[in-house]
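The values are calculated or read from the model by the stated rules, or taken from the named source; none is laboratory data. Keep in mind the model is a prediction, meaning the values are calculated, not measured. Cβ atoms come from the backbone with ideal geometry, glycine included; neighbour counts cover every protein chain shown. Heads up: the accessible areas ignore ligands, DNA and RNA and are worked out on the full protein's heavy atoms, side chains in. Shrake-Rupley method; radii C 1.70, N 1.55, O 1.52, S 1.80 Å.
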Amino acid sequence: MICRQLVLAALCAPAALVHAQWSPATGQWGKTETRDVRVMAWNIRDGLCSTNLKLEGANNWCCLARVVAAMKPDVLILEECADNSGNGTGASVDSVANLLTTLSLFQNGGTDPFRGGAVTAYIKKYAPSFDLPYVWVSGNTDGFNRNVIMSRFPFGDLNGDTKSNYDQFLTQADLYSPGGGTGIRGWTVGEINLPEASYRGDMVIGCSHLKSGGTASDYSDRLAASQNIAYIIDYWYNGGGSGVPDPRNKVIEAPVATRILDPYTPVIWGGDLNEDENSNGRDGPALWTTRAASTSGDGTDRDRTDSTYDDARDPLNASGANRNTQGSSKLDYICWQDSIATLRRSYVYSAASGGPPAYPPEIIGLPTPGLATSLASDHKPVIADFILPAPPPPGPFSLLSPADGSSDQSLTPTLSWSISTGATSYWLLVADNPAFGAPLLSVPGLTNTSFSVPAGVLAHCVPYYWKVVAGNAFGSVASTPALASFTTISAADFNSDGAVDFFDYDEFVTCFEGGACPPGTTADFDGDGTADFFDYDSFVVAFETPC
């Protein structure tokens, strides 16, 4: 953020940022800038399910909680949640309600209603101030697994279809899209409201767990799913360049969307796509969802260029395998509309890399911290920090009163200006010179659009200059005009009614002769401590001589 020369530090202070949080070799894995939005995608291999033991120790539940607490994502997208089949309880997939309860225990601890006893391993135990209070559990299941989106920010309808979350969609065949949905586990979507004070737009998050396997039908299923996802991003959310949602009437959804996303709201999506784009020998899911048909002007970015997908690496592993998220393959991706969201960094997190100096404090309590990610899941998480559009600087505004070149102003005038849209504060300066050297008043942090000059600052018959600068955390703007001037009234305005006239003369004479004086005045007009003929003479001169 650049603050103009006239803006005091007080106006710039709201944009204070936290630095020096990204130093993996020394165990610092946090965001560099607080405004960045961190998205984390992780296939957690059945670790979050109701029947799992939720205890401290070298187990998948505890390791999952510790790693999430260490990475502190703003949005966490999870695959392979809710599968109880490996816990010997006879249960299969958790219901949505049971998984929501399980995820609450995962964050907050408590008493386990499924296995009994206290939950002794949970995110807030390791990171007390970290919270992902908004949770969406997919209603779609393959009989074992569900997708999940957990967010620091609330969900909210962004495209006017009255829904902020959904799990599946259907399209008719059109252009590059074969039609249908996204296959076996759906496409879990969260439309997320970002705080207006920090972000200009909002954000849509999509979570996929595409069909696994290496058969021809598996490949075909993944390809069709990714083509349909590309179509939804391009036409449902972005309008295919038309300005209206679903302009070709191929999306089978009710209620229908009534608007496309605004130009500052990106779609970010990812998950376990089950193909490695560098080794699959064909155009795979990540390519299709970002590029669509790869002809000019049909990409899934807002401007219809291609979106992009991560090439995240393990920052502490120099081997050729530092991009792999499962075994010898990279199957997990984060994709985004890069004309809106700018990637600051992305990485694959492996607790085994770097040794003890690289361990974040949240995993040090494990018996073997270097095994945290491998004990948690057979997949490694992918983390990406995004720079999203900031709110604009304050809007234009005008100085209102006193008007520029105006005269006969009070010594305690009320200076007023119009509202600057988006401003969080104003800085007022008053000086006796247009360069504002040694200003008589410098008042930062004003939240109202007027200010009354206190007594004792201004003198009679003097020209003064004033200006106002509006600011917020993202910039500042000077008023129009940039400055204005006024001249204070003569001291002969004895009754302070804003005009020098016979009433002032009459009231001064009355006061001089021992009668009542206007409030705050005396017959000692020249201020020498004595009311005498010199005061009378000074008043007459002031009365007869304009400023």
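Between the helical axis of 533-544 and the dominant principal axis of the chain, each derived from Cα atoms, what acute angle in degrees is found, rounded to the nearest 10? On a 0 to 90 degree scale, this one is about 60. Modelled this way, with points 7 Å down the Cα-to-C-beta line, the labels at Lys124 and Glu196 are 2.9 nm from one another.
Distance from the C-alpha centroid of the stretch 373-446 to that of the stretch 163-211: 37 Å, rounded to the whole angstrom. Working value for the stretch 221-261: equivalent-ellipsoid semi-axes of 19, 11, 7 Å, each the square root of 5 times a Cα gyration tensor eigenvalue, largest first. Under the convention that each Lys and Arg Cβ holds +1 and each Asp and Glu Cβ holds -1, the size of the dipole of the stretch 400-511 around its Cα centre is about 720 debye. Rg and Dmax, both from the Cα atoms of the stretch 204-284 and both in Å, are 14.6, 40. Once the C-beta distance of Thr412 and Asp262 is scaled by a Förster radius of 35 Å, the resulting FRET efficiency is 0.15 to the nearest 0.05. By the helix-only formula, in which each DSSP H run with n ≥ 4 contributes -39500 (n - 2.57) and the sum is divided by residues, the chain has a 222 nm mean residue ellipticity of -4500 deg cm²/dmol. At 0.36 nm per residue, minus the direct Cα-Cα distance, what do Ala216 and Ala482 gain on full extension? Give it in nm, one decimal, please. Length gained between Ala216 and Ala482: 88.9 nm.
Between Ser319 and Asp378, the simple spin-label model (points 7 angstrom out along Cα→Cβ) gives 1.8 nm. P(r) for the stretch 25-107, from all Cα pairs and a bin width of 10 Å, is 16, 46, 27, 10, 1 %, short bins first. Taking every Cα-Cα distance in the chain and sorting them into 20 Å bins starting at zero, the pair-distance distribution P(r) comes out as 19, 38, 20, 14, 8, 0 percent. On full extension, the segment bounded by Asp303 and Leu170 gains 45.5 nm, given 0.36 nm per residue less the C-alpha separation. For the stretch 271-389, the spread of Cα positions along the three principal axes, ordered from largest to smallest, is 53, 35, 22 Å. Look at the Cα gyration tensor of the stretch 51-151: its axes a ≥ b ≥ c give a/c of at least 1.5 with a/b at or below b/c, and that counts as oblate.
The alpha carbons of the stretch 164-241 stretch over 49, 26, 16 Å along the principal axes, in descending order. What angle do you read, to the nearest 10 degrees and between 0 and 90, between the alpha-carbon axis of helix 502-512 and the longest principal axis of the chain? Rounded to the nearest ten degrees, it is 70. The C-alpha atoms of the chain define a longest principal axis, and helix 96-108 lies at about 60 degrees to it. Using a Förster radius of 41 Å, what is the FRET efficiency between Gln21 and Val462 based on their Cβ-Cβ separation? Nearest 0.05, please. Calculated transfer efficiency: 0.20.
Subtracting the Cα-Cα distance of Ser296 and Thr368 from 0.36 nm times their residue separation leaves 20.8 nm of extension gain. Taking the inverse of the mean reciprocal distance over all distinct Cα pairs, the Kirkwood hydrodynamic radius of the stretch 403-526 comes to 16.1 Å. For the stretch 360-407, the Cα-based Rg and Dmax, in that order, read 27.9, 80 Å.
Using a probe radius of 1.4 angstrom, the carbon and sulfur fraction of the accessible surface of the stretch 355-494 is 61%.
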